[in-house]
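The values are calculated or read from the model by the stated rules, or taken from the named source; none is laboratory data. No experiment lies behind these values; they were computed from the predicted model shown. Quick reminder, even Gly has a Cβ in these numbers, built from the backbone with ideal geometry, and neighbours come from all protein chains shown.
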Amino acid sequence: MREDLRSSRIARLQQEMERKGLDCLALVPGANLFYLTGLSFHLSERPVVALFPVDAPPAIILPVLEEPKVASLGGALQTYPYTDERGPAAAFQQACAALELAQARIGVEELRMRVMEARLLERYAPDCQLVPADAVLETLRVTKDAGEVARMRRAAAVVEAALRAVLAQIRPGMTEREVAGLLMVETLRGGSEGMPFDPIVVAGPNAASPHAVPTDRPIQRGETVIVDCGAVVGGYVSDITRTVALGGLPEEMVRVYEVVRRANEAGRAAVRPGRAAQDVDRAARAVIREAGYGDFFIHRTGHGLGLEVHEPPYIVEGNRQPLQAGMTFTVEPGVYLPGVGGVRIEDDVLVTPEGAETLTTFPRELIIL
């Protein structure tokens, strides 16, 4: 990450923290820490906590074996390392004392901060108050700059190439797990830095569950096959779903497919700056409800996308958050018929000053293999 970009993001963070009355922000490994520093660590039994005071340079508590990563930042973070033999207690004590965190109001990530790190902060920053700071971080990350969007475009291109390669190989009798494995290989071969999530490849009755996992069940003719996959480029992700068929489908499933395709189209057409996030959900859901399948669309229409597969904004009824240029999220309506099968069509959308751009371009018409 460029030093000027890192510095500007930290400066914006400190401004938001001051507005929210926070003295410090404590981050554990994950998307937010990567966004601010470019550093990646595994969550493990060795705690890593980066501390961002509102009025001082940031610091990081970490195992000594991870110190070389921070060296690349040229001293931008003060390090408080610890060895496996001594453990993290002394490092937490030194950092909290140096940053004067006793009685401080410390923002934490509600979805990521673990009991272990929280207890260490509470012990060595006496009388501190740990408060959720997700809104502060969302303000920074919810709109993407040109560099972030460029990475997401590339991630979309990588996963679409992998999807195209795998669809050419699917044959009746192949198992769901076998196809999912091929998809992982093709995605990595095509340039993805990893898998943002385990691909979903499910067919027939299994496709009636939106988050089903691939099994050893053979894929058969006359079934819909839901393929949900993504790629990672420069830390930023793509997320696409297409539903295909092996041979002809029953008449109702052909009808369901067309309903979902039109719902996807309606949702994407509803995206423009100033509209509420829930309006996109309403537009897609109305198509499915009017076709008589409203009870079988059992999840929100979409979720934000960027450094994480699920992040704000959430495209769901009740979210009145106005859409802004630079927001990126999925539009993924689906219909799931228990015991029969399902259809989902998912695209990645960028809000532009004039309206919207769909970053994923894979054909949406029914593909019969």
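Going by the structure shown, is Leu22 assigned by TED's automatic domain parsing to the domain that holds Ala135, part of a loop (DSSP other than H, G, I, E, B) and buried (at least 17 other Cβ atoms within 10 Å of the Cβ)?
yes
In the stretch 163-195, how many are surrounded by 15 or more Cβ atoms within 10 Å (Cβ to Cβ), within 17 Å of Tyr236 (Cα to Cα) and touching a helix residue (DSSP H, G or I) at 6+ places or on another chain (Cβ under 8 Å)?
Count: 5.
Can you say whether Pro313 is out of contact with any Cys (no Cβ under 9 Å at 6 or more places or on another chain), part of a loop (DSSP other than H, G, I, E, B) and not aliphatic (A, V, I, L, M), as far as the supplied structure shows?
no
For the stretch 262-269, does any single residue satisfy the condition of being surrounded by fewer than 18 Cβ atoms within 10 Å (Cβ to Cβ), farther than 30 Å from Gln169 by Cα and assigned by TED's automatic domain parsing to the domain that holds Cys229?
yes
Out of curiosity, is Arg123 in a helix (DSSP H, G or I), loosely packed, with under 15 Cβ neighbours inside 10 Å, without any contact (Cβ under 8 Å) to a residue 24 or more places away in the chain and not assigned by TED's automatic domain parsing to the domain that holds Phe296?
No; evaluated as a whole, the condition is false for this residue.
Yes/no per residue for (1) crowded, with 18+ Cβ neighbours inside 10 Å; (2) at positive phi; (3) in a loop (DSSP other than H, G, I, E, B):
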residue	(1), (2), (3)
His42	no, no, yes
Ala56	no, no, yes
Leu65	no, no, no
Pro68	no, no, no
Pro81	no, no, no
Cys96	yes, no, no
Ala102	no, no, yes
